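The values are calculated or read from the model by the stated rules, or taken from the named source; none is laboratory data. Note that the coordinates shown come from a computational prediction; the quantities given were computed from them, not determined experimentally. For neighbour counting, all protein chains shown are included, and Cβ atoms are generated from backbone atoms with ideal geometry for every residue, glycine included.
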Amino acid sequence: MLIDLRGRTALVTGSTRGIGRAIAAALADAGARVAINGRDPGGVAAVIAELRADGAERELIAAAGDVTDEAGAASALAAAGDVDVLVNNLGIFGAAPALEITDEEWRRYFEVNVLAAVRLIRATLPGMKGRGWGRVLNIASDSAIAIPEEMIHYGTSKTALLAVSRGFAKDAAGTGVTVNSVIAGPTHTGGVESFVYQLVDAALPWEEAQREFMRRYRPQSLLQRLIEPQEIANMVAYLASPLASATTGAAVRVDGGYVDSIVP
């Protein structure tokens, strides 16, 4: 299958590291003009330079801005221009005892993991519908379905994101625009390494710490390892392409078989 996104502009939030960075690279390699987003303009510029060094043909632009507030979102959107592919990747996570999560933390997780995505969809979906083509992809998590005891605020926010995706897919029905969520399983990123070491012995070498984490906290994974960011990016690139034109309103799993279900 040839994934061809030439002539399309993509905005990937939180794309200076981890899953977002891998997604941005995959979309650029498919021919899209990709807006790299992060809060720090200097950090965005550095990542663009690194991605160009890895692939000289990649068309990348800087779209710095904190999309968790209206001004930052407006700044990022202005830099990106007309967005054909929106990937809401930005998210926060962390472990906390359930009864110790404060109202403030609940609000922060909702603001970052849900409302930031809604804000950008609201800003870009009308243009996509008017042009008769577009893709909205919200990066969710296995935690949306199998709520982890150690971070129920995160899991709940990702459950809400699944509902957001399904609802906006209905709004876009019949327009040529698809809206989907991607259920990412436990994925190997810098942030996840730190998270793993919050839960297992910090003195363990990484490979041993990863195995211990999966054994104790994610035993239902059929992969029995963390997923690599590129494996998430591969699915996003497909869903962003014309090849996925009949997939909308879906929650597509790239979870390593973590969720014990035959349907999403």
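Remarks
- Beta carbons closer than 9 Å, at least 6 apart along the sequence or on distinct chains, pair a first residue in region 157-174 that is closer than 12 Å to V136 by Cα with a second that is among the hydroxyl-bearing types (S, T, Y) and assigned to a loop (DSSP other than H, G, I, E, B) for A169/T248; A172/T248.
- Flag if I232 is within 18 Å of the chain's Cα centre (by Cα), assigned to a helix (DSSP H, G or I), buried (at least 21 other Cβ atoms within 10 Å of the Cβ) and not small (G, A, S): yes
- I23 vs. criteria in a loop (DSSP other than H, G, I, E, B), within 27 Å of P186 (Cβ to Cβ) and of a type in the set (V, I, T): no
- Any hit, region 127-141, residues being buried (at least 18 other Cβ atoms within 10 Å of the Cβ), more than 22 Å from N234 (Cα to Cα) and out of contact with any Ser or Thr (no Cβ under 7 Å at 6 or more places or on another chain): yes
- The single condition among (1) surrounded by 15 or more Cβ atoms within 10 Å (Cβ to Cβ); (2) basic (K, R); (3) over 16 Å from N89 (Cα atoms); (4) modelled with pLDDT of 95 or more that R218 does not satisfy is (4).
- In region 88-115, the residues that are touching a helix residue (DSSP H, G or I) at 6+ places or on another chain (Cβ under 7 Å), among the aliphatic types (A, V, I, L, M), surrounded by 15 or more Cβ atoms within 10 Å (Cβ to Cβ) and part of a helix (DSSP H, G or I): V114
- Test: residue in region 58-68 that is under 21 Å from N138 (Cβ atoms), in contact (Cβ under 8 Å) with a residue 60 or more places away in the chain and buried (at least 19 other Cβ atoms within 10 Å of the Cβ): no
- Evaluation of E208 against the conditions (1) of a type outside the set (A, V, I, L, M, F, W, C); (2) within 24 Å of I23 (Cβ to Cβ); (3) over 21 Å from the mean Cα position of the chain (by Cα) shows that the sole unmet condition is (2).
Listed here are the residues, each with its yes/no results for (1) in a helix (DSSP H, G or I); (2) at pLDDT below 95.
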position	(1), (2)
I139	no, no
G155	yes, no
R166	yes, no
K170	yes, no
A173	no, no
G191	yes, yes
F195	yes, yes
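- Lone unmet requirement of (1) under 19 Å from the mean Cα position of the chain (by Cα); (2) assigned to a loop (DSSP other than H, G, I, E, B) for R122: (2)
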